[in-house]
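Enquirer: Here it is, the structure in full.
The values are calculated or read from the model by the stated rules, or taken from the named source; none is laboratory data. Every value quoted in this text rests on a predicted model; they were computed, and no experiment measured them. Glycine also receives a Cβ, built like all others from the backbone with ideal geometry; neighbour counts cover every protein chain displayed. Ligands, DNA and RNA are excluded from the accessible area calculation, which covers all protein heavy atoms including side chains. Shrake-Rupley method; radii C 1.70, N 1.55, O 1.52, S 1.80 Å.
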Amino acid sequence: MSATTLVQTFLNHIFSGAMDQALAMVDPEARFISARPTPNPNNPLHGTFVGIEGAQQFFGGFGELLEPGEFTVDAAFGEGDHAALHGTLRHRGRKTGKDFDSDWALICRVSNGRIVSYHFYEDTEALREALF
């Protein structure tokens, strides 16, 4: 399976609620990063989350803070063990009811059929406004 196909399959599992299937695709030493690798007191989704437990924490935090909505992949491409995807999203802040609209990009690396690096980029200011 190509890196791009693997990442798309992983995202399909996440958004369909098949978390166990998604986590089976995560390397024990994987690193998950949303926008910035260091924690941010103004955004609980920022930071680096490591391994399968880190992936659970990362996506669990997403679910606690945001009601999933539209997530569109406009393009996906890759080479070797790298995959890049980009698109648009629209989620809603659970506490505020405010929409979070953003373009997004995702850069991943896979090894031995598992995700080892997952770095998601989005409009962090729009996210902050939707959360608070």
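Enquirer: Looking at this structure, is Val73 surrounded by fewer than 18 Cβ atoms within 10 Å (Cβ to Cβ) and in contact (Cβ under 8 Å) with a residue 60 or more places away in the chain?
Expert: Values: surrounded by fewer than 18 Cβ atoms within 10 Å (Cβ to Cβ): yes; in contact (Cβ under 8 Å) with a residue 60 or more places away in the chain: yes.
Considered against the rule, which asks whether it is surrounded by fewer than 18 Cβ atoms within 10 Å (Cβ to Cβ) and in contact (Cβ under 8 Å) with a residue 60 or more places away in the chain, Val73 comes out as yes.
Enquirer: Can you pull out the residues in the stretch 1-46 that are out of contact with any Gly (no Cβ under 9 Å at 6 or more places or on another chain) and within 13 Å of His119 (Cβ to Cβ)?
Expert: Within the stretch 1-46, Ala35, His46 meet the criteria.
Enquirer: For residues in the stretch 103-115 being among the aliphatic types (A, V, I, L, M) and farther than 18 Å from Thr72 by Cβ, which is surrounded by the fewest Cβ atoms within 10 Å (Cβ to Cβ)? Spell out the reasoning first.
Expert: Within the stretch 103-115, the first condition is being among the aliphatic types (A, V, I, L, M), and the residues that meet it are 105-107, 110, 115.
Adding the requirement that they be farther than 18 Å from Thr72 by Cβ leaves 110, 115.
Numbers: Val110: 26, Ile115: 23.
Of everything passing the filter in the stretch 103-115, Ile115 is surrounded by the fewest Cβ atoms within 10 Å (Cβ to Cβ).
Enquirer: Which residue pairs have Cβ atoms closer than 6 Å, lie 6 or more positions apart in sequence or on different chains, and pair a first residue in the stretch 105-132 that is within 22 Å of Ala30 (Cβ to Cβ) with a second residue that is open to solvent by 80 Å² or more (accessible area, probe 1.4 Å) and of a type in the set (Ser, Thr, Tyr)?
Expert: Ala105/Tyr121
Enquirer: Kindly provide the set of residues from the stretch 57-67 that are hydrophobic (A, V, I, L, M, F, W, C) and outside any strand (DSSP E or B), ordered by number. Give the derivation first.
Expert: Initial filter on the stretch 57-67 (hydrophobic (A, V, I, L, M, F, W, C)): 58-59, 62, 65-66.
Those that are hydrophobic (A, V, I, L, M, F, W, C) and outside any strand (DSSP E or B): Phe58, Phe59, Phe62, Leu65.
Enquirer: Which condition number does Ile107 fail, the rest of (1) modelled with pLDDT under 95; (2) within 14 Å of the chain's Cα centre (by Cα) being met?
Expert: (1) is the only condition that Ile107 fails.
Enquirer: State the number of residues belonging to the stretch 14-40 that are among the acidic types (Asp, Glu) and either under 13 Å from Cys108 (Cβ atoms) or modelled with pLDDT under 90 (or both). Reasoning before the result, please.
Expert: Just the residues of the stretch 14-40 that are among the acidic types (Asp, Glu), to begin with: 20, 27, 29.
Subset that is either under 13 Å from Cys108 (Cβ atoms) or modelled with pLDDT under 90 (or both): 27.
The total comes to 1.
Enquirer: Anything in the stretch 38-56 that is of a type outside the set (Ser, Thr, Tyr), part of a strand (DSSP E or B) and without any contact (Cβ under 8 Å) to a residue 40 or more places away in the chain? List them, or say none. Explain how you work it out, then say what you get.
Expert: Taking the stretch 38-56 first, the residues of a type outside the set (Ser, Thr, Tyr) are 39-47, 49-56.
Filter again for part of a strand (DSSP E or B), leaving 40, 43, 49-50.
Passing the criteria: Asn40, Phe49, Val50.
Enquirer: Moving on. Would you confirm, using the coordinates I've provided, whether His86 is of a type outside the set (Asp, Glu), touching a Cys at 6+ places or on another chain (Cβ under 8 Å), more than 21 Å from Pro41 (Cβ to Cβ) and surrounded by fewer than 18 Cβ atoms within 10 Å (Cβ to Cβ)? Walk me through how you get there before you give the answer.
Expert: Numbers: of a type outside the set (Asp, Glu): yes; touching a Cys at 6+ places or on another chain (Cβ under 8 Å): no; more than 21 Å from Pro41 (Cβ to Cβ): yes; surrounded by fewer than 18 Cβ atoms within 10 Å (Cβ to Cβ): yes.
Criteria not met by His86.
Enquirer: Would you mind finding the one in Phe132, Phe100 that is over 25 Å from Thr5 (Cβ atoms) and surrounded by fewer than 15 Cβ atoms within 10 Å (Cβ to Cβ)? Quick ask: steps written out before the conclusion?
Expert: Values: Phe100 fails: surrounded by fewer than 15 Cβ atoms within 10 Å (Cβ to Cβ).
Result of the check over Phe132, Phe100: Phe132.
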